[in-house]
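K.L.:
For reference, the structure I am asking about is given below.
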Amino acid sequence: MRIGITLILLLGGCKPPPEGRAAMPGADVQRGRALVQRTGCAACHVIPGIRWPQGRLGPDLTHFARQGMIAGRVPNRPDMLAAFVRNAPALVSGTTMPAMPLNEGEARDVAAYLYTLD
Amino acid sequence: MTWLPIFTRSTEQALSGWPPPVLDPAGPFASSITTLSWILFAMAGAVLALVLAALWVALAGSQRLRSRLGGTRVVWLAGIALPVVVLTALLIYGLSLTRTLRTPPQPSDIRVRVTGEMWWWRVAYLDRAGGVAMMDANEIHIPVGRTVTVELESSDIIHSFWVPRLSGKIDMVPGRRNVLRMQADAPGVYAGQCAEYCGGAHALMGFMVVAHDPDDYARFMAARARPAPQPGGQAARGAQLFQDSGCGACHRIAGTEANGLAGPDLSHVGSRRTLGAGILPNNRGTMIGWIGDPQSLKPGNRMPAYSTLPGQDLTAIAAYLETRR
């Protein structure tokens, strides 16, 4: 009996996480990080790995990749995140986060970088 | 000297031109300082080599060499005569060089007064007579190829004005007016930094010098001299909020009731390259972040957090300030 439970637990632990949730084909994480610094995202967000600034007006982005929803309203999916970092008010009306000076490709890079915050 | 990696960073840095590279002059005044620096480095290297050679002789040289190193003749020549000659020459050269940096304003010069504050820079463009023609903060616009005389003051403690690529470095001393001349040979953005420790946020006290082509400079200044357009829509609501929240007690915006002088002049804040005195890029997001919680970005600065305002209000104020160009 006990061996059976252990076996089930072990096998359960082997199940891989759902794949592709954070897949951003063609996006460049390093470029995304540089864009985050250039646009000053950290003026409102604590971002692990960015030493300064560490703004506190917006949410802390530690473990952002594990977060279920963006701004509590939109599923945390790559396409949604890329759209959100570029023009947040279009997805979540009433959010304090404004549209940021990023083009579509840059927004994908930024999103790819944010998914490294595990 | 861009090959010195500790003095430069990649172009991917958040703010163009920051941190400012040293020994990479972009104008005549900085060039002479750079030349002086290299002469000093070279001479220091030569003296080090001489001392090491003498040390080697003393430790491992032959009897004949060691006897020549001893005695008072070497002391008189290498210990007294050489330093006197070399240091006197350097002193004369250095003083004549710094004199050209500190000549009082000439009629043809452009005059700017910069006042050091904890921890930002009050900027006033002066007319020929020395009257204030335009106020600004944390950014200085100059034309290429013209000498600009910067009159340096402080309103609290000692700061130091330093734009490494355009001129030398000189302290801003309370109760005194120091003068420094600078010039840029090419259009561009040249970063500056306070170079005298002045309290907690000293390292976050930067600014930008923007050099324009002469025509561009004339257009730029003429555009600024015109009254700013009335804000509409969200910006109009922001203007009302700016007034109702009491921002005008510390900040001035030309043409409005806001006439506070304790904080940076915001008449042209929308066209600035940076926020918080050279520390953040200027966009709506950073503006909201700064207004909402400046203490998290620049601890100890005199602006309180306005996180009591709803996000929509912060956004409206930021939208209004963007129109003040």
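K.L.:
If you place +1 on the Cβ of every Lys and Arg, -1 on the Cβ of every Asp and Glu, and leave all else neutral, what size is the dipole of region B:233-322 about its Cα centre, to the nearest 20 Debye? All intermediate terms of the calculation are to be shown ahead of the outcome.
P.N.:
Working: 7 positive and 6 negative charges, 53 e Å.
Computed about the Cα centre, the dipole is about 260 debye.
K.L.:
B:Pro231: net charge of surrounding residues, Cβ under 13 Å, Lys/Arg +1, Asp/Glu -1, itself excluded? Mind dumping the intermediate values first?
P.N.:
Numbers: positive: B:Arg237, B:Arg324, B:Arg325; negative: B:Glu322.
Charge balance in the 13 Å sphere: +2.
K.L.:
Write down the percent of antiparallel bridges among all DSSP beta bridges whose residues are both part of chain B, to the nearest 5. Please report the intermediate quantities before stating the final value.
P.N.:
Working: 32 of 44 bridges.
Bridges in chain B that DSSP calls antiparallel: roughly 75 percent.
K.L.:
Along region A:87-95, what does the Karplus equation 6.51 cos²θ - 1.76 cosθ + 1.60 (θ = phi - 60°) give for ³J(HN,Hα), rounded to whole Hz, x for Gly and Pro?
P.N.:
In residue order, the calculated couplings are 8, 4, x, 5, 9, 10, 5, x, 6 Hz.
K.L.:
Could you tally the net charge around B:Ala254, taking each other residue with its Cβ under 14 Å from the Cβ of B:Ala254, Lys/Arg +1 and Asp/Glu -1? Don't skip to the end; give the middle numbers.
P.N.:
Details: positive: B:Arg224, B:Arg226, B:Arg252, B:Arg324, B:Arg325; negative: B:Asp136, B:Glu257, B:Asp265.
Net charge around B:Ala254: +2.
K.L.:
Taking amide H positions as placed in the peptide plane 1.01 Å from N, state which residues far from B:Met172 in sequence (5 or more) or on other chains have amide H under 5 Å from it.
P.N.:
Sorted by chain and number, the residues that satisfy this are B:His159, B:Ser160, B:Phe161.
K.L.:
Nothing charged except the Cβ atoms of Lys and Arg (+1) and of Asp and Glu (-1): what's the magnitude of the dipole of the protein assembly as shown about its Cα centre? Round to the nearest 20 debye.
P.N.:
Working: 42 positive and 30 negative charges, 194 e Å.
Dipole of the protein assembly as shown, to the nearest 20 debye: 920 debye.
K.L.:
Assigning unit charges at the beta carbon (Lys, Arg +1; Asp, Glu -1) and nothing else, what dipole magnitude in debye, to the nearest 20, does chain B show about its Cα centre? Let's see the in-between values first.
P.N.:
Working: 29 positive and 22 negative charges, 214 e Å.
Around 1020 debye, computed over chain B.
K.L.:
For region B:84-94, take each phi angle, set θ = phi - 60°, evaluate the Karplus expression 6.51 cos²θ - 1.76 cosθ + 1.60, and give the result in whole Hz per residue in order, putting x for glycine and proline.
P.N.:
4, 5, 5, 5, 5, 4, 5, 4, 4, 4, x
K.L.:
Whole percent per 10 Å bin, from 0 to the bin with the longest distance: what is P(r) over all C-alpha pairs of region A:28-114?
P.N.:
Going from the shortest bin to the longest, the percentages are 18, 57, 24, 0.
K.L.:
Shifting gears a bit: I need the phi-derived Karplus couplings for region B:174-187: 6.51 cos²θ - 1.76 cosθ + 1.60, θ = phi - 60°, integer Hz, Gly and Pro marked x.
P.N.:
Once θ is set to phi - 60°, the couplings for region B:174-187 become x, x, 10, 10, 8, 10, 9, 9, 9, 7, 10, 8, 9, x Hz.
K.L.:
Jot down the per residue volume, in cubic angstrom and as a whole number, of the convex hull over the alpha-carbon atoms of chain B. The partial results should precede the final answer.
P.N.:
Numbers: hull volume 53.4 nm³, N = 325.
Taking only Cα atoms, chain B has a hull volume of 164 Å³ per residue.
K.L.:
Under the rule of at least 5 residues apart or a separate chain, name every residue whose amide H is placed under 5 Å from the amide H of B:Arg324.
P.N.:
HN-HN under 5 Å from B:Arg324: B:Gly270.
K.L.:
Let me ask something additional. How much length is gained if the chain between B:Tyr197 and B:Val132 is pulled fully straight, taking 0.36 nm per residue apart and subtracting their Cα-Cα distance, in nm to one decimal? Numbers along the way, then the final one.
P.N.:
On the way: separation 65, 0.36 × 65 = 23.40 nm, distance 2.85 nm.
So the extension gain works out to 20.6 nm.
K.L.:
Multiplying the sequence separation of B:Thr72 and B:Leu97 by 0.36 nm and subtracting their Cα-Cα distance, what value in nm do you get? The partial results should precede the final answer.
P.N.:
Numbers: separation 25, 0.36 × 25 = 9.00 nm, distance 3.60 nm.
Length difference between fully extended and current span is 5.4 nm.
K.L.:
Please report the net charge: other residues with Cβ closer than 15 Å to the Cβ of B:Arg272, K and R +1, D and E -1. Don't jump to the answer; show the numbers that get you there.
P.N.:
Details: positive: B:Arg122, B:Arg224, B:Arg252, B:Arg273, B:Arg284, B:Arg324, B:Arg325; negative: B:Asp136, B:Glu139, B:Asp265, B:Glu322.
Neighbour charge sum, excluding B:Arg272 itself: +3.
K.L.:
With Kirkwood's inverse mean 1/r over C-alpha pairs for Rh, give me the Rg to Rh ratio of region B:132-205, two decimals please. Walk me through the numbers before you get to the answer.
P.N.:
Numbers: Rg = 12.6 Å, Rh = 13.2 Å.
We get a ratio of 0.95 for region B:132-205.
K.L.:
Rounded to the nearest 0.05, what FRET efficiency do A:Val74 and A:Gln30 have when you use their Cβ-Cβ distance and R0 = 30 Å?
P.N.:
Numbers: r = 26 Å, r/R0 = 0.86.
So, using R0 = 30 Å, E works out to roughly 0.70.
K.L.:
Mind checking the mean number of beta-carbon atoms from other chains within 10 Å of the Cβ atoms in A:94-101?
P.N.:
Details: counts 4, 3, 12, 6, 12, 3, 4, 4.
Per residue, the average neighbour count from other chains is 6.
K.L.:
From the square roots a ≥ b ≥ c of the eigenvalues of the alpha-carbon gyration tensor of the protein assembly as shown, which class results: rounded (a/c under 1.5), prolate (a/b over b/c), or oblate? Don't skip to the end; give the middle numbers.
P.N.:
On the way: a/c = 2.76, a/b = 1.36, b/c = 2.04.
It comes out oblate by the Cα gyration axes.
K.L.:
Using a 7 Å offset from Cα along Cα-Cβ at B:Ser245, what residues in region B:295-313 end up with backbone N under 13 Å from the label point?
P.N.:
From region B:295-313, the list is B:295, B:303-313.
Bear in mind these aren't lab numbers, they're just calculated from the coordinates by the rules spelled out. If you're wondering where the values come from, they're calculated on a predicted model, not measured in any experiment. All Cβ positions, glycine included, derive from the backbone under ideal geometry; neighbour counts span all protein chains shown.
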